[in-house]
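In what follows, a single structure is set out as structure tokens and then discussed.
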There are 2 protein chains.
Amino acid sequence: MDKIEVLGLVAACLTTAAFVPQVYKTWKVKSAKEISLTMYTVFFIGVILWLVYGLLIDSLPVVLANGITGMLIVLMLLMKMRYK
Amino acid sequence: MDKIEVLGLVAACLTTAAFVPQVYKTWKVKSAKEISLTMYTVFFIGVILWLVYGLLIDSLPVVLANGITGMLIVLMLLMKMRYK
């Protein structure tokens, strides 16, 4: 794996892991009034398309990163609907 | 441009555009208590790495998408610091 590929993987890890503290914060405060439902809905559709793209170009990092991000976004959407 | 490339571009547009409604919502409610500073900080670092990655692999879509996302994330960080 060359250095550029490693850089891309680190970037993917960060933009995926970033959602963990937001999921934790929302779960902790049990409120999601300030969270945009539109943002997470559009982001979710985008992530699903990234996932299909990753499968089509046979890119495990793209599939993995977006698979995990997708699950975190689903948690945010569920909490947004539950906590309002 | 083949269909797979178009799919990737649509995915990039969606995951970038997704932040617009969150920026708008936070600006409108003038409160960011429920917004995770850690999420946006980690996401920002990830986006900067994606930008460098895009420059290194000469990918205009990656550079453009992450350049615009980076600016939207900066707006979120500024509002998070201002509105608390």
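The residue of region A:2-24 that is farthest from B:Thr38 (Cα to Cα), among those that are without any contact (Cβ under 8 Å) to a residue 40 or more places away in the chain and surrounded by 19 or more Cβ atoms within 10 Å (Cβ to Cβ), is A:Ala11. Within region B:69-76, does at least one residue satisfy the condition of being closer than 24 Å to B:Leu7 by Cβ, in a helix (DSSP H, G or I), of a type outside the set (A, V, I, L, M, F, W, C) and in contact with a helix residue (DSSP H, G or I) (Cβ under 9 Å, 6 or more places away or on another chain)? Checking region B:69-76: at least one residue is closer than 24 Å to B:Leu7 by Cβ, in a helix (DSSP H, G or I), of a type outside the set (A, V, I, L, M, F, W, C) and in contact with a helix residue (DSSP H, G or I) (Cβ under 9 Å, 6 or more places away or on another chain). Restricting to region B:26-63, and then to whatever is more than 7 Å from every other protein chain (Cβ to nearest Cβ) and without any contact (Cβ under 8 Å) to a residue 12 or more places away in the chain, can you tell me which residue is nearest to A:Met76 (Cα to Cα)? Per the stated criteria, the residue is B:Lys28. Only helices (runs of 4 or more DSSP H) whose full extent lies in region B:1-66 are considered here, and the ones with at least 1 residues that are under 11 Å from the mean Cα position of the chain (by Cα) and over 28 Å from A:Lys80 (Cα atoms) are B:37-56. For the criterion of being buried (at least 16 other Cβ atoms within 10 Å of the Cβ) and in contact with an Asp or Glu (Cβ under 7 Å, 6 or more places away or on another chain), B:Ala32 passes. Within region B:50-71, the residues that satisfy the criterion of being surrounded by 20 or more Cβ atoms within 10 Å (Cβ to Cβ) and not aromatic (Phe, Trp, Tyr) are B:Gly54, B:Val62, B:Ala65, B:Asn66, B:Thr69.
Taking region A:9-67 as the range and being modelled with pLDDT under 95 and among the acidic types (Asp, Glu) as the test, only A:Asp58 passes.
The values are calculated or read from the model by the stated rules, or taken from the named source; none is laboratory data. Quick caveat, the model's predicted, so the values are computed rather than measured. Please note: Cβ atoms are built from the backbone with ideal geometry, for glycine as well, and neighbour counts cover all protein chains shown.
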